[in-house]
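So the structure is just underneath, and the comments pick up after that.
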Amino acid sequence: MSETIFTKIINKEIPADILFEDDQVLAFKDINPQAPIHFLVIPKKPIATTNEIAPEDDAVVGYMHRVAAKLCADLGVAEQGFRTVMNCNPDGGQTVYHIHLHVLAGKPLGWPPYQERLKIE
Ligand code: 5GP
């Protein structure tokens, strides 16, 4: 897998607003926030997409969710609520090919998250 910008963030080659870090994961604010609170939780292991998550990655993917919830609790939004999203490949809207959990909070988030124009032939 080719290196992404997230590897550079993990290696501190480029700066990021880091909220949490340990040996397994890194959480940092999204550079282009889509909600009052928008951060990303990534594994330090580079996994390109959801399709490449292997059985040995199950623990870290679960842990990414626990870190997301803990940070939302620390930020005071866990009870009000938040959204986690992992985009996969072009139709999923993925632009960085190192899996990342988007965590969005701080306002009521609409559902569905996009308006798709239905075209009836
Ligand atoms: P995706 O579209 O792959 O699901 O999400 C990639 C996310 O990474 C986007 O929300 C984008 O704003 C964020 N992002 C891309 N480059 C950088 C960067 O250099 N720093 C930070 N903090 N976020 C980034």
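Report the label-to-label distance for LYS70 and GLU13 in nanometres (one decimal), using points 7 Å from each Cα along the Cα→Cβ vector.
2.8
Over the stretch 1-98, with the other protein chains present, what is the accessible area per residue in square angstrom, probe 1.4 angstrom?
Working: 5730 Å² over 98 residues.
Here the per-residue accessible area is 58 Å².
What is the P(r) of the stretch 5-105, as percent of Cα-Cα pairs per 5 Å bin from 0?
3, 13, 25, 26, 20, 11, 2, 0
Under a point spin-label approximation (7 Å from Cα along Cα-to-Cβ), what is the THR50-ASP91 distance to one decimal in nm?
Going from the THR50 label point to the ASP91 one covers 1.2 nm.
Leaving out ligands, DNA and RNA, what percent of the accessible area of the chain is carbon and sulfur, probe 1.4 Å? Present the calculation step by step, with values, prior to reporting the outcome.
Numbers: 4170 of 7800 Å².
In the chain, the share of accessible area belonging to carbon and sulfur is 53 percent.
Go through ILE18, ILE9 and list them by solvent-accessible area, largest first, probe radius 1.4 Å.
Result of the area sort, largest leading: ILE18, ILE9.
Is any residue of the stretch 71-93 close enough, with backbone N under 20 Å, to a label point placed 7 angstrom from the Cα of ILE5 along the Cα-Cβ axis, and if so, which?
Those under the cut-off are 85-93.
The values are calculated or read from the model by the stated rules, or taken from the named source; none is laboratory data. In this text the structure is predicted, and so the values were computed from the model without any measurement. Virtual Cβ from ideal backbone geometry, glycine too; neighbours counted across all protein chains shown. Only protein heavy atoms, including side chains, enter the accessible area calculation; ligands, DNA and RNA are left aside. Shrake-Rupley method; radii C 1.70, N 1.55, O 1.52, S 1.80 Å.
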